Structure formats: structure tokens, C-alpha cells
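Enquirer: I am attaching a structure below and will ask some questions about it afterwards.
The values are calculated or read from the model by the stated rules, or taken from the named source; none is laboratory data. As the structure is a prediction and not an experimental result, all values here were calculated from the model. Ideal geometry is used to build each Cβ from the backbone, glycine not excepted, and the neighbour counts take in all protein chains shown. Calculation scope for accessible area: heavy atoms of the full protein, side chains included, ligands and nucleic acids excluded. Shrake-Rupley method; radii C 1.70, N 1.55, O 1.52, S 1.80 Å.
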Amino acid sequence: MDTPHPPLAPVPRSLPEYVRHWAETTPGRRALTFVDHPSPHARGVHRTLTWSRLDLRVRALAGRLAETAEPGERVALLCPQGPEYVTAFLAALTAGLVAVPLFPPGLPGHGNRLSAVLADARPAAVVTTSGALDEVREFCAGSGVPVVAADLVPDTAADDLRWVAPDDDAVAYLQYTSGSTRTPAGVQITHANVVANAHQALTAYGADERPVTCVGWLPLYHDMGLVLSVAAPVVRGLLSVLMDPAAFMQEPARWLRLLATHPHALSAAPNFAYDHCVSAVTGAQRAALRLHGVAALINGSEPVRPGTADAFHAAFAGQGLAAHTHCPSYGLAEATVFVSAARPGQPLRRFALDRDALAAGKALPARPDDAGAVLLAGCGTPAGQQLRIADPGSCAALSEGEVGEIWVRGPNVGRGYWQQEEPTRRVFDATLDSADGGWLRTGDLGTVLDGQLIVTGRLKDLIVVDGRNHYPQDVEATVQDAHPAVRRGRLAAFAVPGEDGKGTGEGQGEGVGERVAVVAEHIRTADLAEIDVPDLVRAVRAAVSARHGLRLADVVLVPPDAVPRTSSGKVSRALTRERYLTGGYAAGSAR
């Protein structure tokens, strides 16, 4: 039964209950600090909420949202990164609504995706901030959906809230996939799912036994940013320190300063971010850092390259960064986020695997200095869930060392896709060996060696040429090493139809006649006219031919930021391929 002032839950089971727990037991302790950088060279303005203040703001906005939407309806979050985003997310859950974490219309290159997600989710209300209110209202004009500015709701609105104890199995939010390989789909994450995954992540990274500070710049509409910067600290009562992704990209040293100034910092970033720090942090900025207290740095890319961790540690070891802070991890939105993780304080597990054998589905060891070796990092062991490697065709479990699709089962696996019954049955309720059901098919390829999960790529990205499998990220690594003018991490390799017109580029075995094309950005410090493009193309073709036995059909050099990325910052091979096939790179590029 609804009650305006319910007793504190003996054991909190939802994020709203955890917020209330910490507000009543540790009201004056800091819960959230947002570090704003209003100008490109600003050092950062700190805005902090205590647990009692966060609770009040959450209840106030929840009271207003409860007047606007009915329990179970969706509320779209179109807030910029900041405290209002956190309060809006928690307020939607507190009001018994389903949050839809998104972004303001001004995010470059993602307007179409935002429109598609809003059309799919059909929210009953939209939450933003006063600063973004005009552009959000303009974007939503004609929809009839009310828009609420979170920071304009008075504290007194908290008095109107009637608490609704959430059902564990009720949907808390829709986590829309980033769209790197397909049209975005809303994963239904329940209250129980997100609390379970927060506990799993806290345990995996040692934050269940010692206090840490969660430091993050990942966008809160992304699964890893939402869980690591909101769910995990709320469950454990930890301080979450946030900054804007754009502020990190402008000056990556800002992230490192936050890591240095907060005790036992726990943070996460994709592979490119660590490379960005190595290349962009100046000597003077580096000298001012003290990174002795960093507890763990999560790398959630797929696959994780040991060279990235090595380069990052080499760059900052002089600032006290411990050798074993890098934690390669694996996860996906369908499992809330975290699945498997290397534990902090343990040496990075490195695997040199034979490229040809890997393409044939076997993980066989090779010498690390062998030209035919692929170097990958182990992503640790599952975080409180079951993990199997299965043949994607027969759905039979594979033995250690065999490459197949990664399957997952656990309390963190979502309920399915929003309003997509057939994909939900196919992806979320798979049967292993014709007997064991309830498995999540991740669509990712990997293997297990020495108990370690090794992620090798995406099933749908796999390139098949003359019956041989090629991993696009492996080809991309060769390309970016072939010439200094290729911008690292900003390129895509993909299949295109051959001269006979055959091949779909979907990597499902119909690839007879497929060939491979590469679209790569050039470095920012050089103009296209200054680059010897024929020399670059020759170097790239020669390197790919020597290492992979592939003859590239095309190499296209494009300006910085011309290769599309997903909302989480990863290169979208699917969109790059689509743009290439429709002639989108004809102007302003070179071959």
C-alpha cells in the first residue's frame, strides 16, 4: 500500500530504497560531485550533493513526474551530463516510472538516433534542464509530450510524493543499445537486474570490502557510465565524481587529475581513451599528477589489447600508477553491463594466439614476437554469473580453447527487448546443448583459456573471404600501425561485395565473393594535401597482405571525425560501411 513516509527497508532492494537508506543513516556525507568545465581551459567548478540533499531532489522531481505520468510509463532523460541527470534517473524509478536514459538533441551526429529511440519508447514525459530546455522543447514540438526541467522543480514538490515500493521484477529503465552493429533496441532492465549487477561489479573490483571513489566521464546514457557512476555508488554508499565526456576529450588530463585527487579511485574507459591520454597529456601535466591511490582502471573495449595497458602504464608509472591497476573487462547492455572482469592487483593476463588458427575457431598459442600472432588480454572471470562458449550454429557447448559465441546467464540479465518478442526469445532464452535454457546470446565471439575469458570480436562484424574468417579489429590494428598519418582508433574495416556482386558483409557464411575495404581518418596534425596518399595506401595494402593474406579492395583516407561512432564512442563499422556503399566518402577523401 502506498504511504507518504514508509519505514526504512531492512534490506534495500532497489536504487530508490538505497538512496533513502544512505540519506537517513549518513545524511551529511557526500554522494555526488559534478566537476563542470564551463570553458576549454577551466580547471573545473565542483557541485556537490550530500545524501540528504540528493534524496530531497530525487523526491521532489519524483513528485512532479508522478503528476505527469502513470506508473509503468516511460520517461525520457534528455539531460546534459550533470547532477540533474542523476536525480532525474533516480526520480523516475522512485515514481514507479521507466527511465529511458538518452541525451540532449545537440549531441553531434546522433539526432536521427534520438528521434528513432523516442519513437520506439513513446515516453509520457521528458526530463531535461533549464539550460537545454529550449532545444528540447523545439525537438519535441508537436509530440504533445510534456517537458520538465529538473532544476526548476522546487524542493517543496517532495511533499507531494507518495512512495511506491517498487517490484523487484518491474522494469526500472530501458537501456538502448549503442547501435554499433544494428538498429538500437531497448533492453528492459529490472530493479533486481541493476542492483544485482551493481553488487557484481563492486565485488569484482574489490569495492565491496574497501571504500573507493567512483570517478567517471563516461556518458550516463551509456550502460557502463550509468552502472559505475550511479548504480554501484548508490548501492554501496560511495562518492561518485563525474565530469562531462566533452571535457575529457578536450583535455584528458582533467580525468587523471580527478583520479589523483580522490582516494582509492575506481574508473572505467574504453580502449581509445587510454591511448588518448598517452598521446595528448603533456609532460607538464604529467609531472603534476600523483596516481599512487588509483585502485582500478577498467577497460571495457572488445577486444582489449595488452599494448594499450602497457603504453598507459609506461606513460604514468613515474606518477606512481601501480603496475596492476588495469582491469580488462567484458560486458554488454543485455546483461545490464558487467559480465566478466580481471581483478585489480593481479598481473595482466596476456595471450599470444595464432592468427590463422583463431580464424579457424581454435585458440592456439604462438610466440608473442611472431608476425602471425594476435595479442589479446584476458578479461578475467565471470562476476557472479555463469558463462559458456557455444557454437553459434548448433548451440552446443564448446571446450576450452575453442572459439564460439559467448553465452551468459545470471540475475543481471535483462528481461528482453522492449516490444520485440521474437528477438527476445532468440537472444534472451537460448537453450544450450538442447537441454539447458535461459541463456543470453551475446553476439560476441570469444574463448576461455586458463579460466580467463578472451573476447575476439563481434559475430556480425566477422569478415569471410574465400572461406576464411578475419576479425575487423585485427585488420584495423595492422592498418593503423602501417603509416603514422593514420589516426589510431578512428578507422573501420568491413566486407563489401566483390566484382561478382556477391557477399552481404554480415559475416554469416554467405561471403563468397566478399572483399575488404578500409576507411580511415588521418591525424589531426596534418592536412590531407600534406599527406603522400599513394605512399600511405601502398604501406597499408602491403601490411595487410603480409599479415593477413588479404588484398584490400579499397583504402579510403578521410578527414578527422568523418568515421561515424556510436553513442558510446566506438567506431560504428555498420554505419561506415553503409556510408561507403552509398558514396558518402566520395568528397573530401582520398585513395
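Enquirer: Rounded if a/c is under 1.5, else prolate if a/b beats b/c, else oblate: with a ≥ b ≥ c from the C-alpha gyration tensor eigenvalues square-rooted, which is region 284-425?
Expert: Oblate shape, in that a/c is at least 1.5 and b/c is the bigger or equal ratio.
Enquirer: Taking only protein heavy atoms and a 1.4 Å probe, what accessible area per residue, in Å², does region 153-296 have with all protein chains in place?
Expert: 31 Å²
Enquirer: Shifting gears a bit: Which whole number in µm²/s is D for the chain by Stokes-Einstein, with the Kirkwood Rh taken over Cα pairs at 20 °C and 1.002 mPa s? Each step should come with its number before you reach the end.
Expert: Working: Rh = 24.7 Å.
In µm²/s, the coefficient is 87.
Enquirer: Rank ARG162, ARG355 by accessible area, highest first, at a 1.4 Å probe radius?
Expert: I get ARG162, ARG355, largest accessible area first.
Enquirer: On to the next question. With all protein chains present, how much of the accessible area of region 54-113 (probe radius 1.4 Å) comes from carbon and sulfur, to the nearest whole percent?
Expert: Result for region 54-113: 48 percent of the exposed heavy-atom area is carbon or sulfur.
Enquirer: Before I look further, what does region 340-408 give for accessible area per residue, probe 1.4 Å, in whole square angstrom?
Expert: Numbers: 3000 Å² over 69 residues.
Ligands and nucleic acids excluded, the result is 44 Å² per residue.
Enquirer: Same structure, new question: Using 0.36 nm per residue, how much length does the chain from SER52 to ASP527 gain when fully extended, once their Cα-Cα distance is taken away?
Expert: My answer for the length gained is 165.7 nm.
Enquirer: Quick one: length gained pulling THR203 to ARG468 fully straight, 0.36 nm per residue minus the C-alpha distance?
Expert: My answer for the length gained is 91.4 nm.
Enquirer: Quick one: accessible surface of LYS460, probe radius 1.4 Å, all protein chains present, in square angstrom to the nearest 10.
Expert: Here the accessible area works out near 90 Å².
Enquirer: By the gyration tensor of its Cα atoms, with a ≥ b ≥ c the square roots of the eigenvalues, what is the shape of region 150-243: rounded for a/c under 1.5, prolate for a/b over b/c, or oblate?
Expert: rounded
Enquirer: Let me ask something else about it. Angle check, please: helix 271-280 long axis (alpha carbons) against the longest principal axis of the chain (alpha carbons), in degrees 0 to 90, nearest 10.
Expert: So the inclination is approximately 80 degrees.
Enquirer: So, one more: How much length would be gained if the chain were fully extended between ASP561 and THR156, taking 0.36 nm per residue of separation minus their Cα-Cα distance, in nm to one decimal?
Expert: Extending this stretch completely gives an extra 141.3 nm.
Enquirer: Next up: Please give the solvent-accessible surface of ASP532 in Å², to the nearest 10, using a probe radius of 1.4 Å with every protein chain present.
Expert: That residue has around 90 Å² of solvent-accessible surface.
Enquirer: Now for a separate question. Rounded to a whole number, what is D in µm²/s for region 1-119 from Stokes-Einstein with the Kirkwood radius over alpha-carbon pairs (10 °C, 1.306 mPa s)?
Expert: Numbers: Rh = 15.9 Å.
Calculated translational D: 100 µm²/s.
Enquirer: Would you tell me the accessible area of GLU17, worked out with a 1.4 angstrom probe on the heavy atoms of the protein chains, in Å² to the nearest 10?
Expert: Its accessible surface works out to 30 Å², give or take rounding.
Enquirer: With the crude spin-label approximation of a point 7 Å out along Cα→Cβ, what separation in nm comes out for ASP429 versus ARG290?
Expert: With each label point 7 Å from Cα toward Cβ, the separation is 5.7 nm.
Enquirer: Tell me the Rg and the Dmax, in Å, that the Cα atoms of region 80-160 produce.
Expert: Just the Cα atoms of region 80-160 yield Rg and Dmax of 12.6, 40 Å.
Enquirer: Can you sort CYS395, CYS277 by 1.4 Å-probe accessible area, starting with the largest? Mind showing how you got there, number by number?
Expert: Numbers: CYS395 30, CYS277 0 Å².
Per-residue accessible area, sorted high to low, gives CYS395, CYS277.
Enquirer: Ignoring ligands, DNA and RNA, what percent of the 1.4 Å accessible area of region 181-296 is carbon and sulfur?
Expert: 57 percent
Enquirer: Working from the pairwise distances between different alpha carbons, so that the mean of 1/r is found and then inverted, what is region 220-316's Kirkwood radius in Å?
Expert: So the Kirkwood estimate lands at 14.1 Å.
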